[in-house]
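Please read the structure below before turning to the comments.
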Amino acid sequence: SSAHGSTTYGVDRPDLATAGFAVANCAHCHEQHASIHDSSGSELLPVTAPKEYLLFDQSNTDQATNFCFNCHGTGTAYQTGGHVTNRSYSYRAGGWSAESLNNIKDAFALSQASSHNVTDIVTFAAGQGWKYTANSNACAVCHDPHVVQGDPGDDSTYGNSPKSSTTRGFAITEINTSPGNLWGDGVTGFQEIMSQYAPSPAYQAPWRVLNTNYEPEGNGTADGSNLPNYVAFCTTCHNASNTINSTDLGRNLKVIDWSTSGDKHGQADADVYTDVLGPYTAGADTIYVLSCLDCHEPHGSGNIYLLRGKVNGQVTGAIATGFDYRKICGQCHDPDWETVHHLGIDKAYTQFQCLDCHSIGSGDPLDCGLCHFHGAVSGTGTVTQTNEGAQDRKAF
């Protein structure tokens with residue numbers, strides 16, 4: 001059931017193949033005695049430090065060194081045919097063909113503006129009383145290596161073709177299940193796909209190609225029946241109760257509540273009419289629940305906070321600070337932020353409430369992140385988000 005176990009395209013270390021091991025043999029990853037080494041030096045020498053689970057290399061070290069990067073990375077490739085090509089979600093589902101990133105190691109690299117921290121992943125997962133330990137591989141928390149299928153469309157053979165029933169597998173597995181369960185195939189529960197959110201709130205797929213077709217398959221399916229329920233998957237960890245410390249940010253992550261009483265991009269109703277762009281429509285009874293991957297990359301991004309480089313059929317441009325949020329928010333909301341906040345039907349404040357946002361010397365424009373972030377709740381007074389000493393801002 002695993003892509004690693006396919007006798008056609010599974011794991012296949014060249015030196016083991018020369019020694020007579022068949023494609024997908026367990027020994028391509030696991031060495032009983034760390035005994036395989038050839039005189040040419042193309043194989044790794046046994047090391048004195050423990051190698052968990054009899055793997056031929058260290059499991060986790062840091063953002064640049066991970067057992068999985070030996071095949072899903074750069075440098076020396078321990079997979080016949082070279083490193084496996086893995087594209088970003090913006091590339092595969094969003095059609096961002098101009099993006100050059102083509103491997104998982106570079107997605108996690110420190111050169112990225114943001115990425116999931118592999119050490120933080122293991123620390124958190126091991127502390128939950130789950131099946132993971134301090135020796136577990138960070139990738140295996142989301143991708144059970146013995147069950148997970150590949151995404152054939154990531155292969156260069158398919159280029160930038162969209163995900164479809166014939167050019168994708170199910171690349172994630174349910175967190176903390178033994179044996180592992182593929183997540184998104186809908187076999188073990190309807191909750192595994194985004195179309196479970198219906199009729200209100202409901203999921204509406206964003207454009208893949210602007211005004212033409214939808215993510216992730218590039219066709220007319222827009223209800224999430226072809227998309228794993230990334231909300232349920234990601235909120236296994238990122239929810240309203242778990243405390244997750246971020247080494248990179250130096251603080252705990254903001255809580256995420258995607259329930260009917262939580263974030264507005266979740267299942268909660270908006271407070272007022274919202275001026276949105278297609279394929280979304282606005283109305284008093286319209287409630288959309290977004291998939292986490294509609295806005296975020298799962299591994300790493302050239303933008304802060306794992307924000308995607310292409311959203312709703314349009315490239316966002318570089319997002320380096322909260323001042324740049326309008327680049328991504330404007331892909332679905334009225335991009336004229338001044339109209340939205342000052343004159344539009346969903347304006348935040350009346351003309352007599354300017355000082356709620358604009359203090360003397362605060363400057364324009366304001367940082368969008370002062371009010372818009374996970375955990376901001378509408379109509380509940382003030383939040384303690386400040387901008388270089390400016391006064392607290394009202395959340396909405």
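Each row is one residue, and each column tells you yes or no for (1) touching a Leu at 6+ places or on another chain (Cβ under 8 Å); (2) surrounded by fewer than 20 Cβ atoms within 10 Å (Cβ to Cβ); (3) of a type in the set (A, V, I, L, M).
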| position | (1), (2), (3) |
| --- | --- |
| Gly75 | no, yes, no |
| Gly81 | no, yes, no |
| Thr85 | no, yes, no |
| Ser88 | yes, no, no |
| Tyr91 | yes, no, no |
| Gly94 | no, no, no |
| Leu101 | no, no, yes |
| Ala107 | yes, no, yes |
| Leu110 | no, yes, yes |
Original post:
Which residues, taken from the stretch 169-220, are acidic (Asp, Glu), crowded, with 18+ Cβ neighbours inside 10 Å and assigned to a loop (DSSP other than H, G, I, E, B)?
Top reply: Glu174, Glu215, Glu217
Original post:
Looking at Ala134, Ala98, which is the one that is in a loop (DSSP other than H, G, I, E, B), more than 14 Å from the chain's Cα centre (by Cα) and without any contact (Cβ under 8 Å) to a residue 60 or more places away in the chain?
Top reply: Ala134
**OP:** Return the total of residues in the stretch 101-149 being out of contact with any helix residue (DSSP H, G or I) (no Cβ under 9 Å at 6 or more places or on another chain) and within 28 Å of Gly313 (Cα to Cα).
**Re:** 5
Original post:
For the stretch 281-310, how many residues are of a type in the set (Gly, Ala, Ser), open to solvent by 30 Å² or more (accessible area, probe 1.4 Å) and either in a strand (DSSP E or B) or under 16 Å from Leu101 (Cα atoms) (or both)?
Top reply: 1
**OP:** Quick one: in the stretch 254-276, of everything that is of a type in the set (A, V, I, L, M) and open to solvent by 60 Å² or more (accessible area, probe 1.4 Å), which residue is farthest from the chain's Cα centre (by Cα)?
**Re:** Val272
Original post:
Out of all the residues in the stretch 61-79, is one or more modelled with pLDDT under 90 and hydrophobic (A, V, I, L, M, F, W, C)?
Top reply: yes
Subject >> Any hit, the stretch 27-46, residues being in contact with a Lys or Arg (Cβ under 7 Å, 6 or more places away or on another chain), open to solvent by less than 70 Å² (accessible area, probe 1.4 Å) and modelled with pLDDT of 85 or more >> reply: yes
Original post:
Within the stretch 235-250, is even one residue acidic (Asp, Glu) and open to solvent by 40 Å² or more (accessible area, probe 1.4 Å)?
Top reply: yes
Original post:
For the stretch 311-326, which residues satisfy the criterion of being in a loop (DSSP other than H, G, I, E, B) and under 14 Å from Phe373 (Cβ atoms)?
Top reply: Ile319, Thr321, Tyr325
Original post:
Of the residues that make up the stretch 311-318, is at least one of a type in the set (A, V, I, L, M), out of contact with any strand residue (DSSP E or B) (no Cβ under 9 Å at 6 or more places or on another chain) and open to solvent by 10 Å² or more (accessible area, probe 1.4 Å)?
Top reply: yes
**OP:** Inspect the stretch 321-334 for any residue being polar (S, T, N, Q) and either under 27 Å from Thr260 (Cβ atoms) or at pLDDT below 55 (or both) and give the result as yes or no.
**Re:** yes
**OP:** Pairs only if they're at least six apart or on different chains, beta carbon under 9 angstrom, first in the stretch 10-33 and part of a loop (DSSP other than H, G, I, E, B), second basic (Lys, Arg); list them, first residue then second.
**Re:** Phe21/Arg13; Cys29/Arg13; Glu31/Lys51
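The values are calculated or read from the model by the stated rules, or taken from the named source; none is laboratory data. Keep in mind that what you see is a predicted model, and the values were worked out from it rather than measured. Heads up, the Cβs are rebuilt from the backbone with ideal geometry, glycines too, and the neighbour counts pull from every protein chain shown. Surface areas here come from the heavy atoms of the whole protein model, side chains and all, with no ligands, DNA or RNA. Shrake-Rupley method; radii C 1.70, N 1.55, O 1.52, S 1.80 Å.
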